[in-house]
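Here is the structure we will look at.
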Amino acid sequence: MLEIKNLKSRIGDSEILRGLSLSVNAGEVHAIMGPNGSGKSTLAQVVAGHEDYEVTGGSVTFKGQDLLQLEPEERARNGIFLGFQYPVEIPGVNNAYLLKAALNAKRKHQGIDEIDAFEFLKLAKEKMAMLGMDPKFLNRGVNEGFSGGEKKRNEILQMAMLEPELAILDETDSGLDIDALKAVAQGVNSLRGPDRAIILVTHYQRLLDYIEPDFVHVLSQGQIIKSGDKMLAHELEEKGYDWVREAANG
Amino acid sequence: MSTESENIEGFVNRRYEHGFVTDIATESFPPGLDENVVRAISARKNEPEWLLEWRLQAYRQWLEMKEPEWAHLHYPKIEYDQISYFAAPKSDEDRPKSLDEVDPKLLETYDKLGIPLHERARLAGVAVDAVFDSVSVATTFKDKLADAGVIFCSFSEAVIEHPELVKQYLGSVVPRRDNYFAALNSAVFSDGSFVYIPKGVRCPMELSTYFRINAANTGQFERTLIVAEEGSYVSYLEGCTAPMRDENQLHAAIVELVALDDAEIKYSTVQNWYPGDENGVGGIYNFVTKRGDCRGKNSKISWTQVETGSAITWKYPSCLLRGENSVGEFYSVAVTNNLQQADTGTKMIHIGRNTRSTIVSKGISAGRAQQSYRGLVRIMPQAAGARNHTQCDSLLIGKNCGAHTFPYMEIKHPSAKVEHEATTSKISADQLFYCRQRGISEEDAVNMIVNGFCKEVFKELPMEFAVEAQALLNVSLEGAVG
Ligand SMILES: Nc1ncnc2c1ncn2[C@@H]1O[C@H](COP(=O)(O)OP(=O)(O)OP(=O)(O)O)[C@@H](O)[C@H]1O
Ligand SMILES: [Mg+2]
């Protein structure tokens, strides 16, 4: 589904991704771990098409299509969703309005009619109930004054509504209380299926207790230096990153 | 001489290249202003002696006044003697015969704005007899209004048909020498609307210049007077969302509103005069004096405006809150893009006891545009218990535009409660990327954010107008980002 080969990217003068390769198939859940500043968010932003990051080498294909040629909105409509590490506030814009616009943009791309207001509300409330979100969040400004955890839940709500084929969740588990963590895990697990793939960027094993990954990768200095199964995450939790780095260098 | 002032002359010269015009009954006047021109305008309209005298006094006062320079606006000096002060309506031969002859770009804009097909011809200036719909619509409206006792007609007609009302109220809110542009308008005003709502009558429909026959060609020095008698109510809509072109570059209008005891006037404007091209060439200079007088107790005057047009806007719709418990409101969205400049705001003058005012101003700047909010809240010594709340927000799109806020407060009564809140925000690249990552195009994202920003004002507009205004904003900001 997603094929990243020898990807190099920089922002300003500093090279951040230095030949990163990753292959994700439909039905798989991948966890990406790694020290602060190693390039995890950068990878997510490059896949989503953020213009500040210049791609200087390598390739990214999604469902066989060259992803790097597409505008961010086209990538989104094609099925890529990014749960942001720091979701931005958009004061004045109704949360429901954004959700509906996003949903309709995707439906239009798929040649489906716009969702009617009643059906939309029903769907949104259903998803919110699953995530333990108060329906009043629909009528607030997008992330406006949301607490850290509320913002993350809101990202998952958007994901649940849009049902992307590839969801990249950048530290969606950070700053969540234990109930919120379970709710997020519930949202992610309900999306899991043979046609979809999920990439979880995380620092903590505890998320992986709820969402069991098929693969775990360690990203360091812009490259994936080790890959393994879920046991790797436990090992990292125990020993930290140094041993992987040493092993990789040595 | 700069290109822009050449442009004013360009307009003038083009119009008069065929030389001196003699037949004042059907033709435009040659450029220039003196007492004879004022007399000729008055004669052309068969005005009574007292109105001619009134105009002449205004003219003499204007001669002694100076063009204001305090506004945050830059434009080449206006050559008043290069302007023609009376333009006869274009004859049907000069107009396009059908929409096929109209600039396709203009039609495209109508399309984007969702202007109904039968309105487009009229807006594009197609010969009147080709536009049956709006004429017949206007006639049925007239009958309904007459039944209610409401007078709604052109200003010139009112002068002839209702001279006592015009005489009583004309200039009673905006005195002739109020300001430079007001004096000029008082001397040479062309036409406009007159509205009179009798005691206790709730006007049975929204009144709109849109439906007034012969509304065309009154643009340059327009004069509007609305009088709401005791306990009456009227909602008046001025302008329309369609881009209006006009060969007259200088516009100086006056609007006077009078609300007597327990009366309410709601005045909504959508202004979309031609702003000029991307380099600011050819746009309209719009210097407007709008003032409402809450003369009676418990009266209310509410201004709502959506301003997207003109190269230069100088406009401060104001309220004189004389009557006890009277209420003044000002809701405004002003958009400036490219090289547009706007210096706009409001004045709330609290004179009566327990008077209240609300100001909500939303300014949006894009491109290289400059926008200033200028608001005055004055609480007079006798205005015990007066209250004002001002909310003044600016939204910047891109890094080359500017927003400036000049709030003035003069408080002369200790019991006054005056609150002022101001914010400036930017549409950030992160916000746009966030929306795009959700599949929403950049343009739609900007529209969404802008409409969210203006929500508070749009909800004050009559429903269909609000929808149009929203579409108008989207069109005005097209290409503002990226
Ligand atoms: N706009 C920027 N300008 C300069 N450097 C940047 C910019 N954005 C990111 N970087 C740098 O790129 C490197 C990778 O950042 P990135 O956000 O991808 O790390 P991360 O792995 O997600 O870290 P964390 O675990 O802390 O979220 C960091 O050193 C960061 O400082
Ligand atoms: Mg990160």
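Here are some notes:
- Residue check, residue B:467 away from chain A (no Cβ under 12 Å), surrounded by fewer than 21 Cβ atoms within 10 Å (Cβ to Cβ) and in a helix (DSSP H, G or I): yes
- Selection from the stretch A:162-172 of residues that are open to solvent by 10 Å² or more (accessible area, probe 1.4 Å) and away from ligand 2 (no atom under 13 Å from the Cβ): A:162, A:163, A:165
- All positions within the stretch A:221-235 that are outside any helix (DSSP H, G or I) and open to solvent by 10 Å² or more (accessible area, probe 1.4 Å): A:221, A:223, A:224, A:225, A:226, A:227, A:228, A:229
- When the stretch B:169-192 is filtered for residues that are aliphatic (A, V, I, L, M) and either within 19 Å of residue B:37 (Cα to Cα) or outside any loop (DSSP other than H, G, I, E, B) (or both), the ones remaining, listed by number, are B:182, B:183, B:184, B:187, B:188.
- Hey, residue A:153 on the phi < 0 side of the Ramachandran plot and surrounded by fewer than 19 Cβ atoms within 10 Å (Cβ to Cβ) or not: no
- You will find that of A:70, A:82, the residue that is away from ligand 1 (no atom under 16 Å from the Cβ) and either open to solvent by 60 Å² or more (accessible area, probe 1.4 Å) or within 14 Å of chain B (Cβ to nearest Cβ) (or both) is A:70 and no other.
- For the residues A:111, A:92, A:175, the requirement of being small (Gly, Ala, Ser), open to solvent by 50 Å² or more (accessible area, probe 1.4 Å) and more than 16 Å from ligand 1 (Cβ to nearest atom) singles out A:111.
- The residues of the stretch B:56-83 that are open to solvent by 30 Å² or more (accessible area, probe 1.4 Å) and farther than 23 Å from residue B:171 by Cα, listed by number, are B:69, B:70, B:72, B:74, B:75, B:77, B:79, B:81, B:82.
- Residues that are away from chain B (no Cβ under 14 Å), assigned to a helix (DSSP H, G or I) and within 16 Å of ligand 1 (Cβ to nearest atom) do occur in the stretch A:133-150, at least one of them.
- Evaluation of residue A:170 against the conditions (1) within 16 Å of ligand 1 (Cβ to nearest atom); (2) away from chain B (no Cβ under 14 Å) shows that the sole unmet condition is (2).
- Qualifying residue in the stretch B:387-406 (condition: open to solvent by less than 10 Å² (accessible area, probe 1.4 Å), within 14 Å of another protein chain (Cβ to nearest Cβ) and in a helix (DSSP H, G or I)): no
- All positions within the stretch B:351-372 that are at pLDDT 95 or above, assigned to a loop (DSSP other than H, G, I, E, B) and open to solvent by 30 Å² or more (accessible area, probe 1.4 Å): B:351, B:353, B:354
- Failed condition for residue B:461, given (1) farther than 20 Å from residue B:363 by Cβ; (2) more than 10 Å from chain A (Cβ to nearest Cβ); (3) assigned to a loop (DSSP other than H, G, I, E, B): (1)
- Residue match in the stretch A:55-65 (condition: in contact (Cβ under 8 Å) with a residue 60 or more places away in the chain and away from ligand 2 (no atom under 16 Å from the Cβ)): yes
- Hey, residue A:47 more than 16 Å from ligand 2 (Cβ to nearest atom) and not small (Gly, Ala, Ser) or not: no
- Of the listed requirements (1) touching a helix residue (DSSP H, G or I) at 6+ places or on another chain (Cβ under 7 Å); (2) more than 12 Å from every other protein chain (Cβ to nearest Cβ); (3) within 16 Å of ligand 1 (Cβ to nearest atom), residue A:153 misses just one: (3).
- Any hit, the stretch B:423-431, residues being more than 14 Å from chain A (Cβ to nearest Cβ) and either surrounded by fewer than 18 Cβ atoms within 10 Å (Cβ to Cβ) or out of contact with any Cys (no Cβ under 6 Å at 6 or more places or on another chain) (or both): no
- Within the stretch A:8-42, the residues that satisfy the criterion of being of a type in the set (Gly, Ala, Ser) and touching a residue at least 12 places away in the same chain (Cβ under 8 Å) are A:9, A:19, A:21, A:23, A:26, A:27, A:31, A:34, A:38, A:39, A:41.
- Answer residue from the stretch A:32-61, given it is away from every other protein chain (no Cβ under 14 Å) and away from ligand 1 (no atom under 12 Å from the Cβ) and is least open to solvent (accessible area, probe 1.4 Å) among those: A:60
- Going through (1) over 30 Å from residue B:355 (Cα atoms); (2) touching a His at 6+ places or on another chain (Cβ under 9 Å); (3) outside any helix (DSSP H, G or I) one by one, residue B:419 falls short only on (1).
- Restricting the stretch A:1-21 to residues that are surrounded by 15 or more Cβ atoms within 10 Å (Cβ to Cβ) and within 16 Å of ligand 2 (Cβ to nearest atom), the residue that is farthest from residue A:189 (Cα to Cα): A:11
- For the stretch A:99-116, a residue qualifies if it is within 7 Å of chain B (Cβ to nearest Cβ) and either in contact with a Cys (Cβ under 6 Å, 6 or more places away or on another chain) or among the aliphatic types (A, V, I, L, M) (or both), and the qualifying residues are A:101, A:102, A:105.
- Options A:158, A:186; residue that is more than 13 Å from every other protein chain (Cβ to nearest Cβ), more than 16 Å from ligand 2 (Cβ to nearest atom) and modelled with pLDDT of 90 or more: A:186
- Identity of the residue in the stretch A:22-31, open to solvent by less than 60 Å² (accessible area, probe 1.4 Å) and at negative phi, that ends up nearest to ligand 2 (Cβ to nearest atom): A:31
- Any hit, the stretch A:238-250, residues being surrounded by 13 or more Cβ atoms within 10 Å (Cβ to Cβ), closer than 28 Å to residue A:154 by Cβ and out of contact with any strand residue (DSSP E or B) (no Cβ under 8 Å at 6 or more places or on another chain): no
The values are calculated or read from the model by the stated rules, or taken from the named source; none is laboratory data. Remember, predicted model here, so these are calculated numbers, not experimental data. Ideal geometry is used to build each Cβ from the backbone, glycine not excepted, and the neighbour counts take in all protein chains shown. Side chains are part of the model used for accessible areas, which takes the heavy atoms of the whole protein and leaves out ligands, DNA and RNA. Shrake-Rupley method; radii C 1.70, N 1.55, O 1.52, S 1.80 Å.
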